[in-house]
Amino acid sequence: MNIPTSIATMLAGILITLLSLWYGQNHGLMPIAASDEATLVDGLFNTMMTVGFGLFLLVEGTILIAVIKFRRKPDDETDGPHIEGNIPLEIVWTAIPAVIVLMISVYSFDVYGQMGGFDPEAAEGMPGVTQVAMLGGDEMSAPLIDPSQAHPKPHHHMMAVGVGASPDRAGQPPDLTVDVMGLQYAWIFSYPESGIVSGELHVPQGKDVRLNIKAQDVLHAFWLPEFRLKQDAIPGEDTEIRFTPRRVGDYPIVCAELCGAYHGSMVSRIFVHSEEEYDAWLGQQVAMQSASPDTLAQRLDEQILALTTPLSDEEFLAPYAHEVGLTAASLESLKGATPVLNELLSS
């Protein structure tokens, strides 16, 4: 059956669209979404995967069709027709990427704004914080402003140092504030309202949480993969993350900045509790505060040590090998592939 080109093109477009939409929602590349902010970021990521997969199918499909349809015929030694320039085609393939990039940029800024990325409160009243972008009026020409000469404006839009309150929570205090200190090679969490100090982060489900992040020695990066949040911990400069945890469970906290020889062991856990469980944990921790300072310090050391115990090479690499599908059988099959690989596998 000879299908007209216009019909075939339309069917191919529908098929590519359906496959792209399916893959964009089912790629399985992201970890569990444990916060409201993670849902926003995943929506953006899924959109980019949908567009990217659609372009991949379009480009690779076109190449495949061209290879088959225009392949050299037997005994044909002649050159192909000389084609030079095609203005309409060049306009199309320039305009389409430009429109896609523009749309994704607008979507990205919208997501960042909904997460509180442009919260001016995050930068107001903080010593040492300078405005670096999103300035209005005549200030736009100033790339860097001395804090002593800045003109505070209650609702002035500027680049926040971290992720602040979402627009619907702007101007409202958080339900819970936790001070986070990064130091080689641990995270220390302090709860100012209760006086609790812990090596783990405990937060209640569904509450607005603000983390005030500092660094004691070198640059660290406080990363919550399941919450899609990461913020540098900078010596001498306070930063913050504000988020709403939605999924009960415990999740990893990782330092995402190379901060020293034992950077890989700078890990901790965040526990998201139901409100009742959080109150019970809080009461237990407050009761423990009656112990002597030396006992509290010893408990904190034990807690951090339990989270940062050095692992052997095998223990450290085991989860990554499992994740990429490496097994003893697959490694055995690689023996003899190259002398270097053979030597590594034999060691």
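The values are calculated or read from the model by the stated rules, or taken from the named source; none is laboratory data. As the structure is a prediction and not an experimental result, all values here were calculated from the model. Heads up, the Cβs are rebuilt from the backbone with ideal geometry, glycines too, and the neighbour counts pull from every protein chain shown. In case anyone asks, the SASA skips ligands and DNA or RNA and just uses the protein heavy atoms, side chains included. Shrake-Rupley method; radii C 1.70, N 1.55, O 1.52, S 1.80 Å.
For every residue, the table says whether it meets (1) more than 21 Å from Gly113 (Cα to Cα); (2) in contact (Cβ under 8 Å) with a residue 24 or more places away in the chain; (3) part of a strand (DSSP E or B).
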position: Ser194; (1), (2), (3): yes, yes, no
position: Ile213; (1), (2), (3): no, yes, yes
position: Phe222; (1), (2), (3): no, yes, yes
position: Asp232; (1), (2), (3): no, yes, yes
position: Glu240; (1), (2), (3): no, yes, yes
position: Arg247; (1), (2), (3): yes, yes, no
position: Val254; (1), (2), (3): yes, yes, yes
position: Ala261; (1), (2), (3): yes, no, no
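Could you say whether any residue in the range 81-98 is surrounded by 15 or more Cβ atoms within 10 Å (Cβ to Cβ), at pLDDT 90 or above and of a type in the set (A, V, I, L, M)? No, because not a single residue in the range 81-98 is surrounded by 15 or more Cβ atoms within 10 Å (Cβ to Cβ), at pLDDT 90 or above and of a type in the set (A, V, I, L, M). Residue count for the range 195-212, restricted to those that are open to solvent by less than 50 Å² (accessible area, probe 1.4 Å) and under 18 Å from Val272 (Cβ atoms): 12. The residues in the range 26-47 that are loosely packed, with under 11 Cβ neighbours inside 10 Å and closer than 23 Å to Asp110 by Cβ can be counted, and the count is 1.
Within the range 20-41, residues that are closer than 25 Å to Gly113 by Cα and touching a residue at least 60 places away in the same chain (Cβ under 8 Å) sit with their Cβ atoms under 7 Å from residues that are open to solvent by 70 Å² or more (accessible area, probe 1.4 Å) and in a helix (DSSP H, G or I), at 6+ positions apart or across chains, in these pairs: Ala33/Thr39; Leu40/Gln114. For the range 167-192, taking the residues that are touching a strand residue (DSSP E or B) at 6+ places or on another chain (Cβ under 9 Å) and assigned to a loop (DSSP other than H, G, I, E, B), the one that is most open to solvent (accessible area, probe 1.4 Å) is identified as Pro173.
For the range 48-65, the set of residues classified as open to solvent by less than 40 Å² (accessible area, probe 1.4 Å) and in contact (Cβ under 8 Å) with a residue 40 or more places away in the chain consists of Gly61 only.
Considering only the range 264-281, state which residues are modelled with pLDDT of 90 or more and surrounded by 14 or more Cβ atoms within 10 Å (Cβ to Cβ). Result: Met266, Val267, Ser268, Arg269, Ile270, Phe271, Val272, His273, Glu277, Tyr278, Trp281. Among the residues of the range 213-252, those identified as under 14 Å from the mean Cα position of the chain (by Cα), of a type in the set (A, V, I, L, M) and either under 19 Å from Leu29 (Cα atoms) or open to solvent by 20 Å² or more (accessible area, probe 1.4 Å) (or both) are Leu224, Leu229.
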